[in-house]
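Here's the structure we're looking at; comments come further down.
The values are calculated or read from the model by the stated rules, or taken from the named source; none is laboratory data. Quick caveat, the model's predicted, so the values are computed rather than measured. Neighbour counts run over all protein chains shown; Cβ positions are idealised from the backbone, glycine included. Heads up: the accessible areas ignore ligands, DNA and RNA and are worked out on the full protein's heavy atoms, side chains in. Shrake-Rupley method; radii C 1.70, N 1.55, O 1.52, S 1.80 Å.
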Amino acid sequence: AKNAIKMVVNTDGIVSANAIEESNGIIRLVNTSKITAQKVHVEGANDSRIDVQGTIDVSNKLDGVGGIAEILGDHIQLFGAKIDASGSLGGGRVLIGGDYQGIGDVRNSQNTVVDSFSEIYADSYIEGNGGKVILWADDTTLFSGRICARGGKKGGDGGFVETSGSEFLHVGESGFVDTSALKGKYGDWLLDPSSIVIATGGAGTLAQASNCAVTGTVTIAPATIAGAVSNVTLCSQRNSTSSITVTDAVTMSNSGISLSLIAGSTNVGTISLNNSLTTRGGAISLTGKVTVGATVTLDTTNAGGTATGANISFSDILNGANALTLNAGTGGGISFSGAVGGTTALTSLTASGATITQSSTAKTTGALSYTGTSAINVNGNITTTSGGTIGMTGPVTIANTPTLDTTNAGLIPAGANISFSNTVNGATPLILRARTAIVTGK
């Protein structure tokens, strides 16, 4: 056991360490063991297994940030373990099985298991940000424990937690993550499985999954997302076709919690919006190719309850023969980085916020309405293919010689009205086609 400790445990600063065993390639920190240090690094040899049942304490409760705990090997299991990297002035760092998304210099595990009796802390006790906790496996991660990376009581933001498996991820009913902050911003929880479905049926905490080893898909109950106390990032990036499907509506319960959906290994996977997403002043970010499969509303104002709202953003093409309504409130911006209706026109688009930015083209069959109290930036053509109206409420700035056309390039001779409520600026030509309909404005 002494030789095993020397080989695999960085013993600098250890106050106490007992009941650490090694046999047949298995390293065990058994339930009577306790390691106290500024940094603890446990790493097994090739094809090793590391079992942690005891306590690893790298906290700094007096005058600084928490320390570093790293548990690395091919197969890692935490059974009733407690790892504490909290600090009075900021949380520390805990790496179990690898670093962020399996990238970096540390060794990656193949399988990582954290049972329901295990606890990991990287809190800030007094003032400062919460720390960083990573659970990673190149194959399968099973997480049912408790992780906290909270901001300080007198100030500081929440930290960052990742629970990811490159091939499969399962978060059990008792799995819990808290990156809250009393006087700062919520931190983030990143989940990165193969594909994600948000649907009623998965019960428990934030990511109740089906048997991923069989299905390869994580099914998350809307209620568990709604109750989150961390900003939620659902990241499905196993390959370029990894997807996220919103089957049932999500309405966040806590104020300021953001919701980010990321699909595809190169951010080109499909996000299928078949239902609505609502936050209480938390941003909504969709990274991937979005398809609107039903009448959908994205609302960061909680139906007006949080009037200032927050940003709503689309990174890529937005398609779907359905109506889409966006409400970012008086303080949030709405941005379209890719073509809207690029291959399949929306039936209608209604967007309301402090600013609206359309970076490419937009196409609908019915009405398109932009309301931007501070600015509406139009950098591409807008076309309605079935005589839908185009309305701009707020000051408009144009670029790249845009055309606003309600005649579908002359195929609908009657066209429909185009209206502006405020100024239209921009050192570029502007073409308006309403044919026998009317163009109005200031």
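In percent, rounded to a whole number, the relative contact order of region 213-296 is 28, using alpha-carbon pairs under 8 Å and six or more apart. Within the accessible area of region 298-389, what % is carbon and sulfur when the probe is 1.4 Å and the other protein chains stay in place? Carbon and sulfur together cover 48 percent of it.
Couplings 3J(HN,Hα) of region 99-104, computed from phi: 10, 3, 6, x, 9, x Hz, in residue order, whole Hz [Karplus 6.51 cos²θ - 1.76 cosθ + 1.60, θ = phi - 60°; x for Gly and Pro]. Across the protein chains, with a 1.4 Å probe defining accessible surface, the residues LYS153, LYS61 rank LYS153, LYS61 from largest area downward.
What you get for the chain, charging only the Cβ of Lys and Arg (+1) and of Asp and Glu (-1), is a dipole of about 1280 debye around the Cα centre.
Rolling a 1.4 Å probe over the protein heavy atoms gives the chain an accessible area of 38 Å² per residue.
Label reach from THR428 (point 7 Å along Cα→C-beta): in region 382-416, amide nitrogens under 12 Å belong to 382, 397-404. Counting only DSSP beta bridges with both residues in the chain, the antiparallel share comes to about 5 percent.
Compute, for region 58-125, the length of the dipole vector about the Cα centre, with Cβ point charges of +1 (Lys, Arg) and -1 (Asp, Glu) only. Units Debye, rounded to 20. It would help to have the intermediate numbers written out before the result.
Values: 4 positive and 9 negative charges, 11 e Å.
With Lys and Arg at +1 and Asp and Glu at -1, about 60 debye.
For ALA294 and SER255 in one chain, what is 0.36 nm times their gap in residues minus the Cα-Cα distance, to one decimal in nm?
Gain in length upon complete extension: 11.4 nm.
Is region 400-442 rounded, prolate or oblate when judged by the Cα gyration tensor, a ≥ b ≥ c being the square roots of its eigenvalues, rounded requiring a/c under 1.5 and prolate requiring a/b larger than b/c? Oblate, since a/c reaches 1.5 and b/c is not below a/b.
What is the gain in length, in nm to one decimal, between ARG435 and SER240 on full extension, counting 0.36 nm per residue of separation less the C-alpha to C-alpha distance?
65.9 nm
Taking the centroid of alpha carbons for each part, region 382-415 and region 40-55 are 63 Å apart.
Volume of the convex hull of region 340-442 (Cα atoms only), normalised per residue: 78 Å³. Ligands, DNA and RNA left out, the 1.4 Å accessible surface of region 70-138 is 50% carbon and sulfur atoms.
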